[in-house]
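Have a look at the structure below before the remarks.
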Ligand code: 13P
């Protein structure tokens, strides 16, 4: 069972999916399903919506008093300025969004996100009282070359630069092996746990990582989540494909309920 000091977290990452109408329909359906669960039995639940749907999703969740947190999928680290197309921490806070995914592998791969920008964005999130979900993970070629641990160590240590250890409890890390994302090839639970424990060890080398949540992401589905959540150092899941339908996302939430109340 996951550690009692750390609340289980089930986070959906919608990526570049859902119009505002589709997002509304999801919130509506999820609200219906979640009614059956007492609030104190729920894990923490997050949905990371695309920018265009963020405001309306945040508002719908507020109106329905749904215990779900709205997150952004990325942001700029700077306050404001001539950065065409970017969204600042201040803009997210303005619409009530206080959680942000940072350094997702798709952003590292396609949009030039680097360890340095991940660090700047993580610092910016903390400075603005936001919760960063910092993603790390190795490529298939790196795993095959037995570089997994070295890659994770570099990504985590770079992300943590200049971050006060007093803030470690506010951070969330997500271990997402790139070869497991969207492929249906989930990382074996013991191995996912080993890497999540490595992330915690790296935190513990600089401060106290016992309160930091470390999620696993990569082909998490209703039929494999129980085994993942059964591991000692996996505190939840960051989910792409299976978060797009309210029905399958709710099944993941239910797995979190089972762990939360165990
Ligand atoms: P899948 O669950 O579709 O593999 O995506 C994982 C992911 O990238 C979540 O951020």
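Counting neighbouring Cβ atoms within 10 Å and putting the fewest first, the residues 154, 108 line up as 154, 108.
Diffusion coefficient (Stokes-Einstein, Kirkwood radius over C-alpha pairs, 10 °C, 1.306 mPa s) for region 1-124: 101 µm²/s, rounded to a whole number.
Per residue, the average separation of C-alpha pairs within less than 8 Å and at least 6 apart gives region 106-221 a relative contact order of 29 percent. Of the residues 187, 135, the one with the fewest other Cβ atoms within 10 Å heads the list, and the complete ranking is 187, 135. Taking all Cα pairs closer than 8 Å and separated by 6 or more residues, the relative contact order of the chain comes to 25 percent. Spacing of the modelled spin labels on residue 206 and residue 150, each 7 Å from Cα toward Cβ, amounts to 2.1 nm.
Exposure proxy shown here: for 165, 219, the number of other Cβ atoms within 10 Å sets the order, fewest to most, as 165, 219. Region 74-98 and region 149-214 have Cα centres separated by 25 Å.
In this structure, residue 94 and residue 245 have a Cβ-Cβ separation that, at R0 = 30 Å, corresponds to a calculated FRET efficiency of about 0.50. Semi-axis lengths, largest first, of the ellipsoid equivalent to the chain are 25, 23, 17 Å, with √(5λ) applied to each eigenvalue of the Cα gyration tensor. Dividing the summed helix terms, -39500 (n - 2.57) for each DSSP H run of n ≥ 4, by the number of residues in the chain produces a 222 nm estimate of -12500 deg cm²/dmol to the nearest 500.
Read-outs throughout are calculated quantities, based only on the coordinates presented, and are distinct from any laboratory measurement. Please read all numbers here as calculations on a predicted model, not as lab measurements. Note: ideal-geometry Cβ built from the backbone for every residue, glycine included; neighbour counts use all protein chains shown.
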